[in-house]
Amino acid sequence: MDVSLRAGKPVDLSMLVHIPKLVTAYYTEVPDSSFPEQRVAFGTSGHRGSAFVIAFNEGHILAISQAICLYREQQKIDGPLFLGMDTHALICALTPVPCKVCRDDC
């Protein structure tokens, strides 16, 4: 693997993400599943996407959470659903699946 030319150097300010804009996009942009690039996509380490291009937004998290709860219910999987270090556990309040939310380091 090649070493990046930027390794060991301060980050260029143009590469930094504007966090308030990212958070705003996350909560305000609504994905449209008729556009493949806005659909839920997973990679080797989990969900892939960015709120800036409507590929990782609150709607995605709600849909994924709801799908997990419905699957567990259909498969008669009982017991709590553990969500670690995630602020998107709101869907748990809408389903009969008991949820445990980690509030500290899990």
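Every read-out reported here was derived from the displayed coordinates using simple, explicitly stated rules and does not represent laboratory data. Model, not experiment: these values are computed from the prediction. In this analysis, Cβ positions are derived from the backbone assuming ideal geometry, glycine residues included, and neighbour counts consider all displayed protein chains.
Compared with the alpha-carbon gap, the fully stretched path from LYS9 to GLN74 is longer by 18.2 nm at 0.36 nm per residue.
Fewest neighbouring Cβ atoms within 10 Å first, the residues ILE77, ILE64, ILE19 line up as ILE19, ILE77, ILE64. In this label model, ARG39 and LEU22 are separated by 2.6 nm, measuring between points 7 Å along each Cα→Cβ vector.
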